[in-house]
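The values are calculated or read from the model by the stated rules, or taken from the named source; none is laboratory data. Worth saying up front: this structure is predicted, and the values here are computed from it rather than measured. With ideal geometry, Cβ positions are generated from the backbone for all residues, glycine too; neighbour counts draw on all protein chains shown.
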Amino acid sequence: MKILIIDDSQTVRTVLRTTLEKEGYQDIMISHSAVEALDMFLKHDESFGEIDLILLDIYMPGMDGIEFTRRLRQEEAFRDIPIIINTSKGKINNLERAFDAGANDFIEKPFHKIELLARVRSALKLKSEMDQRKNREIELLDRERELMEINRLLELANQSYLKSSAIDGLTGITNRRFFDQYLEMEWGKALRRSVPISVIMLDIDSFKSFNDHYGHQQGDECLKKIANTLKNALKQPVDMLARYGGEEFVAVLPAISADKAVLVAGTMVEKVESLRVPHEYSATSSHVTISAGVATVVPVDPMGWKDFMNEADKKLYQAKKEGRNRVAF
């Protein structure tokens, strides 16, 4: 433990140092004035960085012990160093000011060895306990920061996992797995509120022949263009489009009437045709087209969304049977 003695009296400095060294305290620093000591502290002198206790005379020229204490306590780094004020016997009228400034204890001169050492041990014990507490707080803060960083990384990993498990890698829209979960959730809302819900099933006409003749790379580009076009045709923030598999797409439109759902489906069909993606091997048109089936219902059965999807699929089949490039409802 490092002890700093600040006193303008050579005699007092010698008595204190000798007494402490005999007791086993070997790491002792000496300063003959408060001005000098404060300057060393404020310059963050390395030798003053690990002080565990200050024995400080209250009456010194240039700067007294009270002013030194007050100014030292203004520095965050030195607020926890115990300070024992040394004062002459009978001159304790300034002790209240010293304690207000931040002193921890006092001892009267001439010193009694037993009392001096008892107060020194008590102050050093206090410093040790405070250091241990601060170290525990630092460890807890470090642990808290570590946990926050771990949680942040886990959240990023979770978001990445959710994205990879919910998004179709080719088109960038949601996949069938996520769509089924979303439809089930929106179905439950519509059931509770007794409002309609609509689904549009869509399929690219003659897409197998497109892939066979133009190649899978062109087929993938076609899928991406159509996915983007269909997504832009949706009207409400809660509407969602998904790739349902292969050349099939599906859209859910919560809280929308049948006639409005049919209008959205019609817009989708028209916008895809307006892309004018060449398809000379189509039996329907010289360009890529889609067919759409629309189903709308006010739910009454919690599990009815599966049958509802089958109904939309039947409507899609009907659109194809009637000649493709159209909407059936």
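Data overview
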quantity	calculated
Count - residues of segment 62-97 that are at pLDDT below 90, under 20 Å from residue 113 (Cα atoms) and surrounded by 12 or more Cβ atoms within 10 Å (Cβ to Cβ)	4
Check on residue 260, over 23 Å from residue 298 (Cα atoms), at pLDDT 95 or above, in the same structural domain as residue 178 (by TED's automatic domain parsing) and not hydroxyl-bearing (Ser, Thr, Tyr)	no
Answer residue from segment 40-61, given it is among the charged types (D, E, K, R) and surrounded by 15 or more Cβ atoms within 10 Å (Cβ to Cβ) and is nearest to residue 131 (Cα to Cα) among those	52
Selection within segment 1-15 - within 17 Å of residue 85 (Cα to Cα) and either of a type in the set (Ser, Thr, Tyr) or part of a loop (DSSP other than H, G, I, E, B) (or both)	7, 8, 9, 11, 14
Among the candidates 281, 244, residue that is under 22 Å from residue 176 (Cα atoms) and aromatic (Phe, Trp, Tyr)	244
Test: residue in segment 196-204 that is in the same structural domain as residue 323 (by TED's automatic domain parsing), at pLDDT below 95 and within 20 Å of residue 318 (Cβ to Cβ)	no
Search result, residues across segment 12-31 that are out of contact with any Lys or Arg (no Cβ under 6 Å at 6 or more places or on another chain) and crowded, with 16+ Cβ neighbours inside 10 Å	12, 13, 15, 16, 17, 20, 25, 29, 31
Per-region count, segment 120-146, residues modelled with pLDDT under 90, among the basic types (Lys, Arg) and within 20 Å of residue 25 (Cβ to Cβ)	1
